[in-house]
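Below: the structure, in structure tokens.
The values are calculated or read from the model by the stated rules, or taken from the named source; none is laboratory data. Since the structure is predicted, the reported quantities are computational estimates derived from the model, not experimental observations. Cβ placement follows ideal geometry from the backbone for every residue including glycine, while neighbour counts extend to all protein chains displayed. Just so you know, the surface numbers come from the protein's heavy atoms only, side chains and all, with ligands and any DNA or RNA stripped out. Shrake-Rupley method; radii C 1.70, N 1.55, O 1.52, S 1.80 Å.
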Amino acid sequence: MGRIPELRQRAARLRRRLLATARRPMFRQGLRDSRALSVGIGAWGLVAGVAMGKSGMGIPLAIFMSVLVSAGSSQIAALPLISGDAPMWVVWATVACVNLRFLVFSYQYRPYFGHLPRRRRVVMSYFMGDTTFAAFLRRYPDPKREPGQVDYFRGAALVNYGSWQVAVITGIVAGHAIPPEWGIGFAGTMALLALACSQLRSRSTWVAAAVAACAAVAAYGLPLRLNIVVAIAAAVAVGVLAQHARIDTAR
């Protein structure tokens with residue numbers, strides 16, 4: 001009984017912190033910038049949820065996997081392996097390969113959040129989705145610290161994570177009622193494509209995008225969706241070369 005007042009105090013402090021965060025301008029800006037993307041996120045989440053619901057793994061386990069992993073590409077890549085009783089190390093290796101792009105995201109975030117305590121950065125990394133990353137870099141293209149960046153990240157991540165989980169759980173629960181003829185996966189793909197195109201603001205970004213597209217198509221036959229990793233590596237290499245070329249030109 002003595003712990004009840006302490007728990008109430010903690011809950012009250014948490015509530016005050018959440019309300020204070022919700023009132024901050026950049027938090028609301030992150031919500032607004034990501035709100036338009038929620039339709040595409042939801043469509044892609046429904047695709048992942050339907051696939052998980054029809055995999056035979058059971059609704060509770062599928063929901064637990066969605067909350068634990070929270071990454072559509074790796075969830076879908078792992079489903080046939082789990083259904084086929086593949087060794088656990090194969091499942092882990094597949095998910096790790098598909099999610100290698102988050103290493104690139106983390107490196108890009110370092111100039112903005114590298115000064116934060118490690119515990120905070122670990123928590124933020126869980127919410128580091130594709131659309132959150134794209135929206136953040138569109139708002140802050142220069143790799144330097146500015147006031148309100150953490151609040152903006154939280155707002156964008158809330159929309160991304162909330163839309164994703166609601167859509168995935170809906171797809172898991174009502175997966176058999178959603179016919180594949182609806183083509184909801186295409187809507188999600190188009191939304192992500194539109195978001196990627198909005199980042200093409202210079203010649204170097206256009207070249208990097210073209211190289212990544214060609215690399216993804218050329219490496220399409222690789223197992224474990226490694227063509228995604230190849231495309232990311234190619235785009236990063238082009239970006240690094242372009243940056244060094246700009247530095248040499250400036251000298």
Full-stretch length increase - residue 202, residue 59 - with 0.36 nm per residue and alpha-carbon distance subtracted: 46.9 nm
State the dimensionless ratio Rg/Rh of region 1-121 (Rg: radius of gyration of Cα atoms; Rh: Kirkwood radius). 1.07
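Between residue 36 and residue 126, what length in nm is gained on full extension when 0.36 nm per residue of separation is reduced by their alpha carbon distance? Let's see the in-between values first.
Details: separation 90, 0.36 × 90 = 32.40 nm, distance 2.18 nm.
That works out to 30.2 nm of additional length.
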Roughly speaking, what is the centre-to-centre gap between region 39-86 and region 87-153 when only Cα atoms are used, to the nearest Å? 22 Å
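Take the alpha carbon atoms of region 34-103, find their radius of gyration, then divide it by 2.2 N^0.38 Å using N residues; give the quotient. Don't skip to the end; give the middle numbers.
Numbers: Rg = 12.6 Å, N = 70, 2.2 N^0.38 = 11.1 Å.
Relative to the 2.2 N^0.38 Å estimate, region 34-103 comes out at 1.14.
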If you rank 172, 59 by how much accessible surface each has, with a 1.4 Å probe, what is the order from largest down? 59, 172
Take residue 146 and residue 243, extend 7 Å from each Cα along the Cα→Cβ direction, and tell me the distance between the two endpoints in nm. 1.8 nm
